[in-house]
Amino acid sequence: MQFSGQILKMISQNGHPIQYYLNLKNDLINMNQLFGKTVHIKHIGYQCVNCGSDEKTYRMGFCKKCFFESPYASDTIIRPELSTAHLGIAERNLDVEKEIQLAPHIVYLAYTGEVKVGVTREHQIPTRWIDQGATFALPIALTENRYEAGMIEVELKKHIADKTNPRKMLQDDYEDTLDLIDFRNKIAEYFPNDFKKFAVSEDNVIKLDFPYEAPENINVFTLDKKPEFSGVLRGIKGQYLSFEGGEFINVRGHEGYVIELVL
């Protein structure tokens, strides 16, 4: 069976285990059904996720022009504290920025090989945690917009990580004694005073069940360095496909790549 198309972020469905669907723009392929089977991937081109051009992707699936012009690739996507839509000030496109930034946001703690702090729109829970490969996670604040969540994150990341280390996440190693509720209580003092009102006392730690077992070795490759690859699919965590022998590919890191997929 053969498919071809532009890679987009895998779609996930929370469950026991999480179900994953490879999104080749026009086809959704249930990857859980392919565990134990050989998958062949061949990189054949590029397609910008915004304008559709066949220029080489620059970052996040965008061609260089779109990365610097599209509101979906603006600085506030990475740094929410820079948001200005709540002030009526446009960065690239105010209508789009209002849609993204003026929605309720969650500040959370997640374990992805170590405890980290993050920000996402409320409706992105638990998808955001699944995409990051979080073993478990806990909301610690609910804000009215992206700017407020970003300001909380800015202060908290002075004391804890705010980025996922892919290797630590894929090693899938943690101590059962780690308590996110206790961790949240200990860092409560670091909340900026003007934003303490957004703190929440949610005690329901969300645990995620990935179809994955960590291999002894971890080797993450890209289609730039290995444009053609065949391997037996063993599992998935975050947006990483895990193949026999410890080979991994980050699907989200290849958004905008056009591939042929043979099953």
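The values are calculated or read from the model by the stated rules, or taken from the named source; none is laboratory data. Since the model is a prediction, treat every value here as computed from it, not as a measurement. Counting neighbours? That spans all protein chains shown, and the Cβs are built from the backbone with ideal geometry, glycine included.
Among the residues that make up the range 199-220, is at least one of them surrounded by 13 or more Cβ atoms within 10 Å (Cβ to Cβ), among the acidic types (D, E) and either more than 26 Å from P104 (Cβ to Cβ) or in the same structural domain as L142 (by TED's automatic domain parsing) (or both)?
Scanning the range 199-220, I find at least one residue that is surrounded by 13 or more Cβ atoms within 10 Å (Cβ to Cβ), among the acidic types (D, E) and either more than 26 Å from P104 (Cβ to Cβ) or in the same structural domain as L142 (by TED's automatic domain parsing) (or both), so the answer is yes.
So is T57 part of a helix (DSSP H, G or I) and touching a residue at least 40 places away in the same chain (Cβ under 8 Å) or not?
No; evaluated as a whole, the condition is false for this residue.
Quick check on D176: is it of a type outside the set (S, T, Y), modelled with pLDDT of 95 or more, loosely packed, with under 13 Cβ neighbours inside 10 Å and over 21 Å from T143 (Cα atoms)?
In short, no.
Right, V39: in the same structural domain as G150 (by TED's automatic domain parsing) and in contact with a Phe, Trp or Tyr (Cβ under 8 Å, 6 or more places away or on another chain) or not?
When the stated conditions are applied, V39 does not pass them.
Condition first: touching an Asp or Glu at 6+ places or on another chain (Cβ under 9 Å) and small (G, A, S). Now tell me which residues in the range 231-263 satisfy that.
Matches in the range 231-263: G231, G235, G238, S242, G246.
Being of a type in the set (D, E) and more than 21 Å from the chain's Cα centre (by Cα) is the requirement here; does D75 meet it?
So D75 fails the test.
Just to be sure I understand, how many residues within the range 130-154 are outside any helix (DSSP H, G or I), closer than 24 Å to L208 by Cα and not polar (S, T, N, Q)?
Final tally of qualifying residues: 9.
Would you confirm whether or not the range 209-216 contains a residue that is over 20 Å from the mean Cα position of the chain (by Cα) and outside any loop (DSSP other than H, G, I, E, B)?
No: zero hits.
Being exposed (fewer than 12 other Cβ atoms within 10 Å of the Cβ) and not in a strand (DSSP E or B) is the filter here, so list the residues in the range 1-32 that pass it.
If the condition is that a residue be exposed (fewer than 12 other Cβ atoms within 10 Å of the Cβ) and not in a strand (DSSP E or B), then M1, G15, H16, N26 are the ones that fit.
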